[in-house]
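Q: Below is a structure I'd like to ask you about.
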Amino acid sequence: MSHGSGQSKIALAQDLSFVLRNGGRMPTAKHIPMRQCIACRERRPKHELLRIVLTEAGPVLDPTGRKPGRGAYVCPDKPECWVEKKLRRFAGAKAQELSQALQTVLGRVESQAPQVGKPST
Ligand SMILES: [Zn+2]
């Protein structure tokens, strides 16, 4: 028995047309670029991984992700991803060098520098 419902009907129609105009598309989260770790093959958001570039001089860690060259990604938080064996797929003969670099930069492991070369007579 109410005769003031005309207004709300129009509002409802506007709501519906808005939904239809969007094609039912939900406002989803921004697309997050995913990258795969070369060691464990886990897919993670790019920003969670550390980029490595294999240059002629050897593997270079590229935290800015801007260096040109053949890039790859590893987990910076998983020491098991820094082992030579797992990096060999990507770095080949440079895998050991890369493993060392990762462990030095990320792991802060005890220096494994061999105690050789001490000047002795
Ligand atoms: Zn990994």
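Q: What are the residue pairs meeting all of these: first residue in segment 39-54, first residue under 20 Å from residue 79 (Cβ atoms) and free of Cβ contacts under 8 Å to residues at least 12 places away in the same chain, second residue in a strand (DSSP E or B) and not polar (S, T, N, Q), Cβ atoms under 7 Å, and 6 or more apart or on different chains?
A: Correct list of pairs: 43/34.
Q: Something else now. Collect the residues in segment 87-102 that are surrounded by fewer than 19 Cβ atoms within 10 Å (Cβ to Cβ) and within 14 Å of the ligand (Cβ to nearest atom), keeping them in residue-number order.
A: Across segment 87-102, the qualifying residue is only 89.
Q: Restricting to segment 77-86, name every residue that is within 12 Å of the ligand (Cβ to nearest atom) and either more than 16 Å from the chain's Cα centre (by Cα) or surrounded by fewer than 19 Cβ atoms within 10 Å (Cβ to Cβ) (or both).
A: Once the filter is applied, which keeps residues that are within 12 Å of the ligand (Cβ to nearest atom) and either more than 16 Å from the chain's Cα centre (by Cα) or surrounded by fewer than 19 Cβ atoms within 10 Å (Cβ to Cβ) (or both), segment 77-86 yields 77, 78, 79, 80, 83, 86.
Q: Moving on to the next point. On the basis of being within 14 Å of the ligand (Cβ to nearest atom), of a type in the set (Asp, Glu) and under 18 Å from the mean Cα position of the chain (by Cα), does residue 62 make the cut?
A: Answer is no for this residue.
Any read-out appearing in this document is the output of simple, stated calculations on the displayed coordinates, not a laboratory observation. Every value quoted in this text rests on a predicted model; they were computed, and no experiment measured them. For neighbour counting, all protein chains shown are included, and Cβ atoms are generated from backbone atoms with ideal geometry for every residue, glycine included.
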